[in-house]
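First the structure, in the form of structure tokens, and then the observations on it.
The values are calculated or read from the model by the stated rules, or taken from the named source; none is laboratory data. Quick caveat: nothing in here was measured; it's all calculated off a predicted structure. Positions of Cβ are generated from backbone atoms using ideal geometry, with glycine treated the same way; all protein chains shown enter the neighbour counts. Heads up: the accessible areas ignore ligands, DNA and RNA and are worked out on the full protein's heavy atoms, side chains in. Shrake-Rupley method; radii C 1.70, N 1.55, O 1.52, S 1.80 Å.
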Amino acid sequence: MAQVGLNTDNRPWWRDAVIYQVYVRSFADANGDGEGDLRGVRERLPYLAELGVDAIWLNPFYRSPMADGGYDVADPCDVDPMFGELADADALIAAAHEVGIRVIVDIVPNHSSDQHPWFQAALAGDEAMRERYHFKPGKGENGELPPNNWPATFGGPAWHRTTNADGTPGDWYLHLFAPEQPDLNWEHPAVHAEYLRILRFWLDRGVDGFRIDVAHGMVKVPGLPDVPPEAARDTHGYYQLPYYDQDTVHDIHREWRALVNTYDGDRILCGEAWAPSLERLALYTRPDELHQAFNFHYLMTPWDGLKLRQVIDASLTTAGSATATWVLANHDVTRVASRYGEGEQGLRRARAGALLTLALPGVAYVYQGDELGLPEVTDLPEESLQDPIWENSQHTQRGRDGCRVPIPWSGAEPPFGFSPEGAQASWLPVPERFKRLSVEAQTDDPDSTLTLYRELLRLRRALPQFGDGTLTWLPSEPGTLIFSRGDGKVGVAVNTTDAPVRLPEGLEPLLTSVPDAVTRPDAAEGEDAGLLLAPDSAIWWRGSGVDAR
Ligand code: NOJ
């Protein structure tokens, strides 16, 4: 590997890495079946190396019936034929390491697939296996009502009724997500032992860490009581849900951290923890727990200078000495270029948002395709929709497929190089309008989003002030964020308003989010007057007289 363990200045790599999320099914299809695969990722490593990422996080590629895009795992120690075989995972890990890219894989501990051998045995009546899940008799005269009032994330109740061998209705089992994803019972020691085995399996194969799915789940309040009524909201307006963010879930993370610490090479744990507050989120990154926990409070903040500043401040304060983990998008949320606004305005803001995010102290995750400025695809044909949300909501919510459309690489026809010539249709159709957003179309364009990201990541590596360290706010006009990093000689300025704003004197652009981001005021206004920063744009700056390049 190009770098192992500590950075040259003794910072652990994961404190300020740029980690690129690969949604394997939609990244690159090497075998022509219309589905992305592990070989496809391996073949595109040169692209990722050129982009300048430090690590990749791979969404689940394990054996799965794909009821929830692979988050319904039937065998976590094998590769689904859709994605290749175990040897492809080994080859990808080795090839990534050769080009200095670390590999983080997903682990899914809250639930298994209903096709997992444990659950199949449980359904067949094996008592020992039933105890590893949450089976309960129903309420009502004949057990016809779910055991409690918990809702499933994907719609409907979080309980599914089983059928006994003689055809009569049986007990219910808990599934916080789709019915095909039964929740595991983490009070059972066998569940703990099994997950330590899975972690070791992948650590021994050389992975550099894990992204933990539903890291705030797993532990449920004993007895599985009902969700309390409105009145039980705390002073922040949050429910204390009986199935999320329980204090004892941290014991599991400590158990895993202790295991990961026995491995060399600075392996990491990153939690997908939807904690109700930044204070609760910070508990996940205590020194003996996870290295990182996604900051979804930042992700959910709208394009509003004041709100962004508030969430940044609160995030850094609550994180304390832990690293902050910035994320603008992933495979579960609307693409940032569509979330921040519509059309060109959304993209313009997303580009400025990238400058802001990548200038913040901490680690940053980049979702595949955001470096191309891909928008959400809102017009996928209904028959192509695969997200369980579509079915489970009785076709009232289209779900998350719109941010999972295959990456356009090259060429003039869909799927734009995602699959080889003559391949089967891609699993989700790639819209015609993605042609001008393909990697090929953007590569030699100095103003493209891809060129911007490449330059951002190059500069972030070249300038040690970016990444881990301190942030100092500079005075700025309303709706504008300006801060310096480290020694104060470089920083970022962002204008979230719809009018130009004047920057303090002496800031020179290092990099601009769009070509028209800065204008110099008329000479008549005096030589020293600060630059004007255009609406919805940002710059990385250096103080004049400082040779930051
Ligand atoms: C979070 C994952 O990111 C999402 O895609 C999945 O549906 C749920 N967890 C359930 O595993």
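Protection proxy ranking for 116-129, 291-304, using the average of other Cβ atoms within 10 Å per residue and placing the highest first: 291-304, 116-129.
The alpha carbons of the range 402-549 give a radius of gyration and a Dmax of 19.5, 63 Å, in that order. Full extension of the segment from Thr519 to His395, taken as 0.36 nm per residue of separation minus the current Cα-Cα distance, would add 39.8 nm. Per the Debye formula with a single identical scatterer at each Cα and no solvent contribution, what log10 I(q)/I(0) holds for the range 200-310 at q = 0.15, 0.23 Å⁻¹? Normalising to I(0) and taking log10 leaves -0.75, -1.25. Rolling a 1.4 Å probe across the protein heavy atoms gives the chain an accessible surface of 39 Å² per residue.
Work out the FRET efficiency for Asp304 and Thr470 from their Cβ-Cβ distance, taking R0 = 25 Å, and round it to the nearest 0.05. Show your work: numbers first, answer last.
Values: r = 24 Å, r/R0 = 0.97.
For Asp304 and Thr470, the calculated efficiency is 0.55.
Applying a DSSP loop filter and a limit of 13 other Cβ atoms within 10 Å to the GluC sites (Glu not before Pro) in the range 333-436 leaves Glu342, Glu421.
Coupling constants for the range 273-282 follow from the phi torsions by the Karplus curve (6.51 cos²θ - 1.76 cosθ + 1.60, θ = phi - 60°), and in residue order they are 10, 7, 7, x, 8, 5, 5, 5, 4, 4 Hz; glycine and proline get x. Counted over the chain, the DSSP beta bridges are approximately 60% antiparallel.
Hey, what does the equivalent ellipsoid look like for the range 144-237, semi-axes from the Cα gyration tensor as sqrt of 5 times each eigenvalue, largest first, whole Å?
On the way: eigenvalues 164, 97, 29 Å².
Taking √(5λ) for each Cα gyration eigenvalue gives 29, 22, 12 Å.
Residues within the reach of a label modelled at Gln424 (point 7 angstrom out along Cα to beta-carbon, backbone nitrogen below 20 Å), restricted to the range 60-82, are 60-72, 74, 79-82. Volume of the convex hull of the range 400-476 (Cα atoms only), normalised per residue: 179 Å³.
Residues whose amide H falls under 5 Å from that of Leu511, counting only those 5 or more places apart or on a different chain, are Trp540, with hydrogens built in the peptide plane.
Here the label points at Thr163 and Asp487, each 7 Å from Cα along the C-beta direction, are separated by 7.2 nm in the simple model.
Expressed as a whole percent, the proportion of Cα-Cα pairs in the chain lying more than 34 Å apart is 40%.
So for the range 451-503, considering every pair of alpha-carbon atoms, how many percent are separated by more than 13 Å? Could you put the intermediate results ahead of the total?
Values: 864 of 1378 pairs.
Here the long-distance tail beyond 13 Å is 63 percent of all Cα pairs in the range 451-503.
So what does log10 I(q)/I(0) come out to for the range 36-121 at q = 0.18 Å⁻¹, using the Debye formula with one equal point on every Cα and no solvent? Calculated log10 I(q)/I(0) at the listed q: -0.75. Spatially, the range 112-182 and the range 19-82 are offset by 30 Å when compared through their Cα centroids. Less than 5 angstrom separates the built amide H of Asp183 from those of His134, Leu174, His175, Leu176, all sequence-distant by 5 or more or on a different chain. Close amide H pairs (under 5 Å, H built 1.01 Å from N) link Ile268 with Gly209, Phe210, residues at least 5 positions away or on another chain.
Suppose we keep just the DSSP beta bridges with both residues in the range 48-162; what percent of those would be antiparallel, to 5?
Working: 4 of 8 bridges.
Close to 50 percent.
Could you tell me the convex hull volume per residue, in Å³, taken over the Cα atoms of the range 337-457? Before the final figure, lay out each step's value.
Details: hull volume 15.3 nm³, N = 121.
Taking only Cα atoms, the range 337-457 has a hull volume of 126 Å³ per residue.
Please state the charge dipole magnitude for the range 243-317, taken about the Cα centre, from unit charges on C-beta atoms (+1 on K and R, -1 on D and E), reported in debye and rounded to the nearest 20.
Numbers: 7 positive and 12 negative charges, 43 e Å.
So the dipole magnitude of the range 243-317 works out to roughly 200 debye.
The order of the peptides 361-370, 41-50 by mean Cβ neighbours within 10 Å, most packed first, is 361-370, 41-50.
In the chain, carbon and sulfur make up what percent of the accessible area (probe 1.4 Å)?
Values: 10870 of 21490 Å².
The C+S portion of the solvent-accessible surface of the chain is 51 percent.
So, R0 is 35 Å and r is the distance between the beta-carbons of Arg436 and Leu45; what FRET efficiency does that work out to, to 0.05?
On the way: r = 25 Å, r/R0 = 0.72.
Plugging the Cβ-Cβ distance into 1/(1 + (r/R0)^6) gives 0.90.
Taking every Cα-Cα distance in the range 80-122 and sorting them into 10 Å bins starting at zero, the pair-distance distribution P(r) comes out as 22, 36, 29, 12, 1 percent.
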